[in-house]
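Input: a single structure, listed below in structure tokens.
Taken together, the values in this text are just the output of simple stated rules run on the coordinates, not laboratory data. Nothing here was measured: the structure is a model prediction, and the numbers come from that model. Note that we place each Cβ from the backbone using ideal geometry, even for glycine, and neighbour counts take in every protein chain shown.
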Amino acid sequence: MTPIQYQSPDIWNTIWSRPYVNYEKHHTLFWFMIRKSVQGRILDLGCGSASYWKGFDGQLVGIDFSSAAIAEAKKNYPLGLFFCQAIPTDMFEGLWFDIVVLSGVVNYYRDLTPIISMLQGIGGKGTTIIITINVLQDFPDRNWTAEYIDDIFFSLGIVSRIFVEKVGWFITIERL
């Protein structure tokens, strides 16, 4: 059976709107962890509706390739800059951000090489990358072990990770 390719906006609009097991746990816990650790200039790659940024007082730039999500993001965080754009993109290459967030995004990519290349061109020393990986049954062939995560993200900086049973991985990468 051919795996579903999640990078198509039509497929993503279907996936984005469907419930999955433990979504509420993932969303609540991981966004609490993200929000308590962010400040300054933020880049949210795969920002969705940006509803979790309400009340944030920093500079926010977000991208998502769902035009419906971007329309909601502009309502939810009117001070932010939002772009309808696919990931990966080179539109932020060479720009500085204190924090780069990919929450629930990397799950949907079979080959993370383009994502890693994109992240290498954003920010620099002192930038923190926050990645969350949802526990989803859609990827029985994806083995998100600590070693796998370390191998994938090692080139970006110092990797720290926390696994929450039935919720997923919370990963921070400190750029050197």
Volume per residue of the C-alpha convex hull in the stretch 69-116, rounded to whole Å³
105
Residues whose placed amide H lies under 5 Å from that of PHE83, excluding near-sequence neighbours
GLY62, ILE63, ASP64
Inter-label distance for ASP111 and SER67, nm, one decimal - labels placed 7 Å from Cα along Cα-to-Cβ
2.8
Note to self: C-alpha centroids of the stretch 161-175 and the stretch 36-113 sit apart, in Å, by 18
So what are the ³J(HN,Hα) numbers for the stretch 152-167, from phi and the Karplus equation (6.51, -1.76, 1.60; θ = phi - 60°), rounded to whole Hz, Gly and Pro as x?
5, 9, 3, 5, 8, x, 7, 9, 10, 9, 10, 10, 10, 3, 6, 10
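Can you pull out the trypsin sites (Lys or Arg not before Pro) in the stretch 42-85 whose DSSP state is coil and whose Cβ has at most 13 other Cβ atoms within 10 Å?
Counting only loop positions with at most 13 other Cβ atoms within 10 Å, the trypsin sites (Lys or Arg not before Pro) in the stretch 42-85 are LYS54.
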FRET efficiency for LEU176 and MET91 from the Cβ-Cβ distance with R0 = 35 Å, rounded to 0.05, comes out at 0.90
Among the lysines, which have Cα under 20 Å from the Cα of LYS36 when same-chain residues fewer than 8 positions away are ignored?
LYS25, LYS54
Using only the Cα atoms of the stretch 87-176, build the gyration tensor, take square roots of its eigenvalues as a ≥ b ≥ c, and label the shape rounded, prolate or oblate: rounded if a/c is under 1.5, else prolate if a/b is larger than b/c, else oblate.
prolate
